[in-house]
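Quick notes on the structure that follows.
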Amino acid sequence: MNITHNILAIVMIYSNSSILRFPSHTMSLQLVPGCDVWRTATDNGALTTAIRAFNTELNLSLEKLISHPHQIQHAFSKQITGWYGYRMVISVLVLLVTFSSFSIDLLNFNYDQYSAFKHEQRQASVNAASKLFSSPLTSSEEKLHALPISELVSGCKSGDISPFEIISTYGKKALEAQRLTNCVAELMLDDATRYVSAASWGPAVDSDSYSSDLVRSKPLFGVPVSVKDCIDIAGHDTTVGLARRVGKPVERSSAIVRLLEDAGAIVIAKTTVPTALFSVDTDSKLFGTTSNPYSPDHGVEIGSDVAGSVRFPAHFCGVWSLKGSVGRWPVTGNQSSMMGVEAVPTLTGPLTRSLEDLEQIYKGVIDMRPWEYDYTCVPIPWRPINLQEEGRRLKWGVVWTDGVIPPSPACKRALISVADSLREQGHEVVDFVPPNIPEFLEVGYQLAFGDSGQQIRSNLVPTETVNPALASFLNLINLPRIFKKLLSKFYSYKDPIYANLLNVMHAKTIPEERDLIVKRDQFREAWHEQWAKEGLDFVITVPAPFPAVKHGEGLKASLMTASYSFLFNLLDYAAGSLPVTKVDKNLDALPANFMSSPEYNAMNMICKTSYTVYDAESMHGLPVGVQIIGQRLEEEKVLEGMKVIQSVLIQKGIAFEGK
């Protein structure tokens, strides 16, 4: 809250009740004797003059005001009437206007403290790790790092690989990744070392001297894991990128972390998150900006999934990911800035550097019977399927656009490449035009932000901000409804999509939210019926309309770019993302006259603004992926579908080659 608001509040209260009160959330609670802000304030000559004038009215000594700032609030609480009161108001206004030069510093004081504490905490973990893991990888560590998960697990079980070798190897890689991309929220190598020591993991664990039954029950034995900083790990903060969560370590690890540790996995780090999570890139005052591994100028998000946050980073960074349906992976103990949004729940999913690793980790979690760790999980064991051995022709439906933001040339080329490759290998590929996607997305946005963003705002400390794209969206929601209705009328003919958003985005009553749930389920039914009618095995589309965007361009891109991923959260379909190609500045550039073309002129306002972030020249070399979708609880089938796509791309000689 800024100083102008404080002045207006004081004048209004005094005018209405002849009682002058100092708002409890302003300087009287922010000024701490001895702190730099207070010292700077009292060193200001004009302020000293104002306080002395103030003292004439209050009969308080300057020394007392400096050493006991709460006296200000006590004095302001007195009832003041008549001419004396008006003189008092003038003195207060002088004091507040003088304070305006550093009022933001006062409000920033706690926020800066939180941020500084988190920076120091992280740097301490990095420094401690650097003392042990600063040397380059040895040749044996290079080989270990290149192993797929299956060989890593078997090596650990046979005793050929020590868990301490894994910590050393991946500790060095984590430090390197932090140096290049600023992706680590907290290194946990000390915790990892203590964990494997306490577990008594020794060599030759398959020998008679060790409980081989115990080892066989650990399907992820020795697998190094990092988790997003919205997932609880006992003894550590879960910040969600928010200042108010700093310095508050949780007592119990989340269900997924407990399961992973019981499965033999080694948690080595927490990764960075954007403030309040909802963003197309990762930036916060707690952690700074996280860069794309392919380009330091471009962004990345790593994470759990409510609108694409495991598929977005996979698409941006050239890795593999899978979002399952509700109940397949544990979620209890995962935090969000919007807890309790049952209509669009937050899910958990892995990101890996290969498809084989993705299947291994997903199957490993299911084999651990997650329903015994989390009451929200459904008791469905792993169901093997092999579409390639069956050899039958599969039917693929292609969603070419969401009706709001058509894919950029690079993303469209990736989708065409996959569709053509499947067709050339004998599969049936058809256009799939499901029920009104923009209208369905409108329902989803209203359900996700049915409180008009109040829950997110309530999680922020004074002066803390969310990313520009989310802030813009929340500001739109909170415009006066009469104003939004007028704007909606204005845009109704030339931009019906934007006009509809203006008209429907506002805080919802309970009956309104229930009506939206009914509409969501009607769309789910319509999708199910059309999918069955057309006899589809899979749907493919882009994960996002653009590759990774530059830092600071999230506002232009807008949260609407998440629509291709968010759509399948609304449907609760299993959806994976796999890398296909890279941006080519020669193949993927927009036409020279694009901004004056009929195609551009026909775009809605959201789309036109979003397209200003697309630049094939600066994006050259960035990864581009596709999204493959199955129906509810078809995670095993989606993984097999990903294998089919990877196989046809390899046969065509255009398989993705990452870093």
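Figures for the structure shown
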item: Separation of alpha-carbon centers, segment 458-519 and segment 574-643, rounded to whole Å; result: 26
item: Antiparallel %, DSSP beta bridges [both residues in segment 387-652], to 5; result: 60
item: Spin-label model distance (nm) - residue 461 vs residue 483, 7 Å beyond Cα toward Cβ; result: 3.0
item: Positive-end residue, segment 523-569 charge dipole about Cα centroid, Cβ charges, pick of 544, 527, 568; result: 544
item: FRET efficiency estimate (nearest 0.05) - Cβ-Cβ, residue 492 to residue 332, R0 45 angstrom; result: 0.50
item: Check: segment 111-271 dipole with +1 on Lys, Arg Cβ and -1 on Asp, Glu Cβ, in debye; result: 480
item: Low-density loop positions, trypsin sites (Lys or Arg not before Pro), segment 457-517 - DSSP coil, at most 12 other Cβ in 10 Å; result: 494
item: All aspartates and glutamates inside 16 Å of residue 550 as judged from Cα atoms, apart from same-chain residues fewer than 8 positions distant; result: 281, 283, 297, 301, 615, 617
item: Dipole of segment 387-652 [Lys/Arg +1, Asp/Glu -1 at C-beta], most positive-end residue of 435, 488, 505; result: 488
item: Protection-proxy order for peptides 635-647, 317-329, 603-615, 370-382, each taking the mean of Cβ atoms within 10 Å per residue, highest first; result: 317-329, 635-647, 603-615, 370-382
item: Förster-model FRET efficiency, 35 Å R0, residue 522 and residue 617, C-beta, rounded to 0.05; result: 0.20
item: Rough spin-label spacing in nm, given labels placed 7 Å along Cα→Cβ, for residue 433 and residue 356; result: 4.3
item: Cβ-based charge dipole, segment 111-271, positive-most Cα from 125, 259, 139; result: 125
item: Paramagnetic reach from residue 124 in segment 168-188 [backbone N under 16 Å; point 7 Å along Cα→Cβ]; result: 185-188
item: Amide H contacts under 5 Å for residue 580, placed H, 5+ residues apart; result: 624, 625, 626
item: Distance between modelled label sites at residue 600 and residue 500, nm, 7 Å Cα→Cβ extension; result: 2.6
item: Sequence of 538, 594 once ranked by neighbouring C-beta atoms within 10 Å, starting from the fewest; result: 594, 538
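Bear in mind these aren't lab numbers, they're just calculated from the coordinates by the rules spelled out. Keep in mind that what you see is a predicted model, and the values were worked out from it rather than measured. Glycine also receives a Cβ, built like all others from the backbone with ideal geometry; neighbour counts cover every protein chain displayed.
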